[in-house]
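Okay, structure first, notes after.
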Amino acid sequence: MKPYLRSIKAKWTLQDYPDNTTYEAGYLISKNAGWRSIRPVIDTKKCSGCLQCYLHCPDGVISKRDGAVAIDYDFCKGCGICKRICKLKAIEMEAESK
Amino acid sequence: MNVNANTLNEDEFFYGHKACAGCGGSLAVRIALKVLGKRAVAVLPAGCMSAVGFNFPQLCFANNAIISTFAGTASMLTGIEAGLRAKGITDFVAVGFAGDGGTADIGIQALSGAIDRDDNILYICYDNEAYMNTGVQKSSLTPFGAKTTTTPAGGNVRGNLRPKKNMFEIVAAHGIKYAATASIGYLPDYMKKVQHASEIKGTKYIHVIAPCPTGWGIAPDESVEIAKEAVDCGLWILAEYENGIFSVNTKPKNLSALRTHIKKQGRFKHLTDEDIDHIESLRDSKWENGGQ
């Protein structure tokens with residue numbers, strides 16, 4: 001369970017807006033990928049699955065997968081905390097190419 | 001159950017938010033919600049976490065969450081707790097996430113009232129030591145010497161003149177059920193305290209230090225490390241208050257690291273050696289009083 005991307009209509013009509021100040025929780029319409037100039041890349045051979053990067057990611061984009069970890073690049077902002085926290089140096093920051 | 005990276009809830013309750021890269025506050029909120037689970041009802045006053053979490057229609061909380069008035073975090077928690085209890089709902093945690101300004105300046109009256117009534121709520125203050133959301137203005141939790149837009153560093157005045165308000169002791173002085181300080185540099189300790197607090201009936205307060213790369217003048221990847229260093233050099237004390245007794249959880253590892261820790265941060269760049277000596281003396285007098 002986590003907030004996920006929805007496809008939004010190009011044009012909103014009055015009926016689409018909530019008629020009070022509540023709305024569905026975890027409703028995402030935009031990614032954060034464009035904020036990034038560098039991206040973390042995990043070397044799964046070096047990764048021991050200690051999960052420190054998963055624990056310390058402010059955006060929660062690192063998840064457990066097959067004894068190692070995986071990154072959701074749609075929402076990673078490229079802060080680099082994961083690289084710094086990794087004792088095994090299994091994460092490298094690479095420049096985003098256009 | 002012992003919470004750690006392996007046993008932590010894999011669900012994400014604070015995801016896709018628009019906080020700056022490397023934001024310490026968003027890490028504090030994310031981890032607390034992972035410990036508390038989907039039955040947490042979150043209250044967020046004006047501040048970074050409500051500004052980055054609710055940009056309709058981008059709504060980044062997966063659990064129930066609501067924005068309160070700036071001054072009313074604790075009173076809204078009181079209302080939510082009473083309302084859900086009246087409806088016969090028991091398996092929830094009413095949790096508030098307020099910044100340092102929303103806690104120590106603007107929300108202190110509502111918080112004090114809630115503690116006095118001993119309402120069954122958990123109040124978490126993520127302390128980034130200034131009003132970061134509006135562009136770094138001084139709060140009463142801004143430490144001595146820090147440069148903000150309202151305490152600028154110039155030839156005569158070098159940043160904030162007043163020491164940091166001791167919010168933990170102020171809260172403890174109410175005779176609260178449980179209060180604790182934490183740091184995002186020590187997440188296992190923070191998770192343990194959130195877990196423990198959620199099991200206590202009555203008012204609970206956790207004060208977590210959460211560096212802000214934008215306001216502190218540090219690189220985005222440094223926020224966790226800076227929060228750890230603040231504890232290691234004795235500037236931030238990890239402590240608990242329960243049943244009327246204070247206990248200090250850690251001893252500083254490297255008191256002499258204070259100078260390099262201060263110098264790493266852009267907000268302290270203007271400080272002279274004498275200013276840093278003063279910060280050191282403030283720290284030492286605190287430890288002489290038994291860490292309180």
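Quick check on the stretch A:52-70. Is at least one of its residues closer than 28 Å to residue B:57 by Cα and open to solvent by 40 Å² or more (accessible area, probe 1.4 Å)?
Scanning the stretch A:52-70, I find at least one residue that is closer than 28 Å to residue B:57 by Cα and open to solvent by 40 Å² or more (accessible area, probe 1.4 Å), so the answer is yes.
Look through the stretch B:58-82, keep the residues that are among the aliphatic types (A, V, I, L, M) and more than 18 Å from residue B:108 (Cα to Cα), and return whichever of them is farthest from the chain's Cα centre (by Cα). Break it down into steps so the answer makes sense when it comes.
From the stretch B:58-82, those among the aliphatic types (A, V, I, L, M) are B:59, B:62, B:65-67, B:71, B:74, B:76-77, B:80, B:82; that's our starting set.
Among the residues that remain, those that are also more than 18 Å from residue B:108 (Cα to Cα) are: B:59, B:62, B:65-66, B:80, B:82.
On the way: B:59: 22, B:62: 21, B:65: 18, B:66: 19, B:80: 22, B:82: 25 Å.
Residue satisfying both the conditions and the ranking: B:82.
Mind counting the residues in the stretch B:150-167 that are surrounded by fewer than 22 Cβ atoms within 10 Å (Cβ to Cβ) and in contact with a strand residue (DSSP E or B) (Cβ under 7 Å, 6 or more places away or on another chain)?
2
Residue check, residue A:5 against (1) in contact (Cβ under 8 Å) with a residue 12 or more places away in the chain; (2) open to solvent by less than 40 Å² (accessible area, probe 1.4 Å), all met but one. Which one?
(2)
Return only the number of the condition from (1) open to solvent by 50 Å² or more (accessible area, probe 1.4 Å); (2) more than 8 Å from chain B (Cβ to nearest Cβ) that residue A:23 does not satisfy.
Residue A:23 satisfies every listed condition except (2).
Scan the stretch B:16-32 for residues that are open to solvent by less than 10 Å² (accessible area, probe 1.4 Å) and either touching a residue at least 40 places away in the same chain (Cβ under 8 Å) or aromatic (Phe, Trp, Tyr) (or both) and jot them down.
B:16, B:17, B:22, B:24, B:25, B:27, B:28, B:29, B:31, B:32
Farther than 30 Å from residue B:64 by Cβ, within 11 Å of another protein chain (Cβ to nearest Cβ), of a type in the set (Val, Ile, Thr) and out of contact with any strand residue (DSSP E or B) (no Cβ under 7 Å at 6 or more places or on another chain): which single residue out of A:81, A:85 fits that description?
The match here is A:85.
Let's see how each residue does on (1) polar (S, T, N, Q); (2) touching a Leu at 6+ places or on another chain (Cβ under 7 Å); (3) touching a residue at least 24 places away in the same chain (Cβ under 8 Å):
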{"site": "A:20", "(1), (2), (3)": "yes, no, no"}
{"site": "A:28", "(1), (2), (3)": "no, yes, yes"}
{"site": "A:43", "(1), (2), (3)": "no, no, yes"}
{"site": "A:51", "(1), (2), (3)": "no, no, no"}
{"site": "A:61", "(1), (2), (3)": "no, no, no"}
{"site": "A:72", "(1), (2), (3)": "no, no, no"}
{"site": "A:79", "(1), (2), (3)": "no, no, no"}
{"site": "A:89", "(1), (2), (3)": "no, no, yes"}
{"site": "A:93", "(1), (2), (3)": "no, no, yes"}
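Within the stretch B:220-261, track down each residue that is touching a Cys at 6+ places or on another chain (Cβ under 9 Å) and either surrounded by fewer than 22 Cβ atoms within 10 Å (Cβ to Cβ) or free of Cβ contacts under 8 Å to residues at least 60 places away in the same chain (or both).
Matches in the stretch B:220-261: B:220, B:221, B:252, B:253, B:254, B:255, B:256, B:257, B:258, B:259, B:260, B:261.
Considering every residue within the stretch B:70-92, establish whether at least one is at pLDDT below 95 and among the hydroxyl-bearing types (Ser, Thr, Tyr).
Yes - at least one qualifying residue is present in the stretch B:70-92.
Would you confirm, using the coordinates I've provided, whether residue B:189 is under 23 Å from residue B:247 (Cα atoms) and either open to solvent by 10 Å² or more (accessible area, probe 1.4 Å) or over 13 Å from the mean Cα position of the chain (by Cα) (or both)?
When the stated conditions are applied, residue B:189 passes them.
I want to confirm something. Restricting to the stretch A:52-77 and keeping residues that are facing chain B (nearest Cβ under 7 Å) and over 12 Å from the mean Cα position of the chain (by Cα), which single residue is farthest from residue B:190 (Cα to Cα)?
That would be A:64.
Please tell me if residue B:215 is in contact with a Pro (Cβ under 8 Å, 6 or more places away or on another chain) and not basic (Lys, Arg).
no
I'd like the full set of residues that are more than 23 Å from residue B:111 (Cα to Cα) and basic (Lys, Arg), limited to the stretch B:1-57.
Of everything in the stretch B:1-57, those that are more than 23 Å from residue B:111 (Cα to Cα) and basic (Lys, Arg) turn out to be B:18, B:34, B:38.
Please go through the stretch B:69-83 and pick out each residue that is in contact with a Ser or Thr (Cβ under 9 Å, 6 or more places away or on another chain) and open to solvent by 40 Å² or more (accessible area, probe 1.4 Å).
The answer is B:69, B:75, B:76.
What is the residue count in the stretch B:101-116 for residues that are over 19 Å from the mean Cα position of the chain (by Cα) and either in contact (Cβ under 8 Å) with a residue 40 or more places away in the chain or part of a loop (DSSP other than H, G, I, E, B) (or both)?
1
May I ask you to say which residue of A:42, A:91 is touching a helix residue (DSSP H, G or I) at 6+ places or on another chain (Cβ under 7 Å), more than 9 Å from chain B (Cβ to nearest Cβ) and open to solvent by less than 40 Å² (accessible area, probe 1.4 Å)?
Of A:42, A:91, the one residue that is touching a helix residue (DSSP H, G or I) at 6+ places or on another chain (Cβ under 7 Å), more than 9 Å from chain B (Cβ to nearest Cβ) and open to solvent by less than 40 Å² (accessible area, probe 1.4 Å) is A:91.
Could you look through the stretch B:129-148, keep only residues that are open to solvent by 60 Å² or more (accessible area, probe 1.4 Å) and touching a Phe, Trp or Tyr at 6+ places or on another chain (Cβ under 9 Å), and pick out the one that is farthest from residue B:114 (Cα to Cα)?
Restricting to residues being open to solvent by 60 Å² or more (accessible area, probe 1.4 Å) and touching a Phe, Trp or Tyr at 6+ places or on another chain (Cβ under 9 Å), the top hit is B:147.
The values are calculated or read from the model by the stated rules, or taken from the named source; none is laboratory data. What you are looking at is a predicted structure, and each value in this text was computed from that prediction instead of being measured. Please note: Cβ atoms are built from the backbone with ideal geometry, for glycine as well, and neighbour counts cover all protein chains shown. These accessible areas exclude ligands, DNA and RNA; they are computed on the full protein's heavy atoms, side chains included. Shrake-Rupley method; radii C 1.70, N 1.55, O 1.52, S 1.80 Å.
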